Structure formats: structure tokens, C-alpha cells
Amino acid sequence: MKVFTVYAPDYRIDIQPDYKAVGAIIDTELKKHFVGQMVGLRALGSQEHPGKTIDDLVEIIKRDGTDRYDPKRNGDRYDNVEGKHIDLFLLRRKITEKSKIFWQFVWSFYESPLKVRGYPVRADILVVYDLSKLKVVRTIHTHEGRPITKRDGYIFRDAANKADAVLGVIKIHS
């Protein structure tokens, strides 16, 4: 597993970030290392993990294959109403020379927490997963009163070797 560091000095959350400009910086790094690959992407905001730095979380991911180190900690996304086992949620994408991916994380980490909790979050870690080492978990979710099937939950195929599923980690510093 490789760890890369990217600097995005204009990526701030005290004001609305320029989603596409910030996204382009991280997309450039993704393309350097993963172009042509279909991967799973998981972004994290270290400030959502009290007492943990970016480097602490990267070490946990290197050891465990995931940032989900506390089984008592609930996620902040939709409820798993079917109670299916899900190890993590990912964005599945093919990395191409024309990919424009990370802006989606910048937007969702700013807008969604701001709306729900009153403050935005800065995505400062991006974990890149090998999808062949994961299995999708299809779930039913109710959105605006209608059921939809979600395919963003995954389990590790080899639960004893989760770290093997991680292709790389990108640390995003100011």
C-alpha cells in the first residue's frame, strides 16, 4: 500500500470551497497512480475522529484496511434499515485521463454536514480500494418516500486481511 501526500492550500472550509478546483488537484494525483483502474474511493475528514490526526488514521488504515476502528461509532449516512453487514461505503469509479471525481467529495463533505450538523467537514484523506477484494452489498433505502437500491456498501472478501484491499492512501494537506 502506497501513501501519497497532496497539498491543496486553497482547500478551506471557513468559506465555500471551489469544488472543481480542489477536486482537480486530487484528481491529478489519482491519475498519476491509478489511471485505467476501476477502484473504490472512500474520503475521510480527520476532524470527525477526535484525538486522531491524519497520520494516526493512515496508520489505522494501513493496519486494519479501514478507518472503522470503533465498532460502537455510528456513521453519518443513511440508515442500514435491513441490518445487513457492511464494512464500508465507497464511491466506485474508473480512473481515466478525463476523470473529474474528487469535487464530489469536496461538495458532499462541505454541503451535507453543513445542512445536517451546522458545520462543514474537510476531506483530508482519500483511500483507494481494489474492488476485486471487496464485494458489494445491495441495500434498499428510502429516498423522498420511494425505495431505491443502493450499491455503495461493501464487505471485504478476506476479512482476515482487509489491509490487502487498500491500493493507496492520499493525504490532503493545506
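Values as computed for the structure displayed
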| item | result |
| --- | --- |
| Nonlocal amide H pairs with residue 88, under 5 Å, H built at 1.01 Å | 154 |
| Derived scalar couplings ³J(HN,Hα) [segment 42-57; Karplus, 6.51 cos²θ - 1.76 cosθ + 1.60; whole Hz; x for Gly, Pro] | 10, 9, 9, x, 4, 5, 7, 10, x, x, 10, 8, 4, 5, 4, 5 |
| Computed over segment 1-134: relative contact order in percent, which uses C-alpha pairs under 8 Å that are six or more apart | 43 |
| Anchor residue 100: aspartates and glutamates whose Cα lies under 12 Å away (excluding residues fewer than 8 positions away in-chain) | 27, 29 |
| Most mobile listed residue (125, 61, 148) in the chain, GNM with C-alpha springs under 10 Å | 148 |
| Selected from 113, 17, 71 as most flexible by GNM, with the chain as the system and alpha-carbon contacts under 10 Å | 71 |
| The chain - Rg and Dmax from Cα coordinates, angstrom | 15.7, 42 |
| Entries in 84/171; 2/52; 52/72; 31/115; 2/84 that, when Cα-Cα distance is taken, lie over 27 Å | 84/171; 31/115; 2/84 |
| Amide H within-cut-off set for residue 45, under 5 Å, with H built and near neighbours excluded | 124 |
| Partner aspartates and glutamates for residue 135 [C-alpha distance under 13 Å; skip if fewer than 8 residues away on the same chain] | 87, 152, 158 |
| Cβ-placed point charges (K, R +1; D, E -1), dipole of the chain about Cα centre in debye, nearest 20 | 560 |
| Options 106, 167, 15, ranked by Cα towards positive dipole end of the chain, top entry (Cβ charges) | 167 |
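Rule-based calculations on the coordinates, nothing more; no lab input. Keep in mind the model is a prediction, meaning the values are calculated, not measured. Positions of Cβ are backbone-derived with ideal geometry, glycine not excepted, and every protein chain shown enters the neighbour counts.
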